[in-house]
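Taken together, the values in this text are just the output of simple stated rules run on the coordinates, not laboratory data. What you see is a predicted model; the values in this text were computed from it and never measured. Neighbour counts are summed over all protein chains in view; Cβ atoms, including those assigned to glycine, are modelled from backbone coordinates with ideal geometry.
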Amino acid sequence: NYTRSNATIGSLLSLQLHRYFLLEELSVNSLCSSIPTVDEQATGLEKIVLEASKRGTDPYSILKPRECAGSKQDPHIVPSITNKRIVGCVCEEDNTAVVWFWLHQGEAQRCPSCGAYYKLVPHELPH
């Protein structure tokens, strides 16, 4: 009969437990390294907006508008689904009054108070 001493069995058991916990640690680490990215886990409206931003579009007008000088050559762009839209202009940075005026499709128009230019551009809804 082949028998092993208690010390040999204890060391083999210790080695097996060490391997088991090492494998468990490796499998946990592999799970942690496979956390999905924002693009991989996005669904619904969030996915539509992420894909549109990769294409350089803003279908729901949620991003900050492009900075414009407000001059005739570089007017403030105002998107609209109709051929006119009411626009509010805060003519000076510290002004508390808003100057409201109608903006019509076509050439750029000036604010009646400060002279900044605004241009209405057609905008299609994404749905």
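Can you check what the net charge comes to around Lys47, using other residues whose Cβ is under 14 Å from the Cβ of Lys47 (Lys, Arg +1; Asp, Glu -1)?
In short, -2.
Once both labels are modelled 7 Å past Cα along the beta-carbon direction, what's the Glu40-Cys91 spacing in nm?
Result: 5.6 nm between the two label points.
Which net charge results when you count Lys and Arg as +1 and Asp and Glu as -1 among the other residues whose beta-carbon is under 14 Å from that of Lys84?
+1
Among all the lysines, which ones have a C-alpha under 21 Å from Lys72's C-alpha, if same-chain residues fewer than 8 places away are not counted?
Qualifying lysines at Cα under 21 Å: Lys84, Lys119.
For the stretch 66-122, just list the percent of Cα-Cα distances falling in each 5 Å bin from zero outward, please.
4, 21, 30, 27, 13, 4, 0
If I take R0 = 41 Å and measure r between the Cβ atoms of Cys114 and Ser53 in this structure, what FRET efficiency does the formula 1/(1 + (r/R0)^6) give, to the nearest 0.05?
0.80
I want to check the label-to-label distance for His123 and Glu67. Put each point 7 Å from Cα in the C-beta direction and report it in nm to one decimal.
2.1 nm
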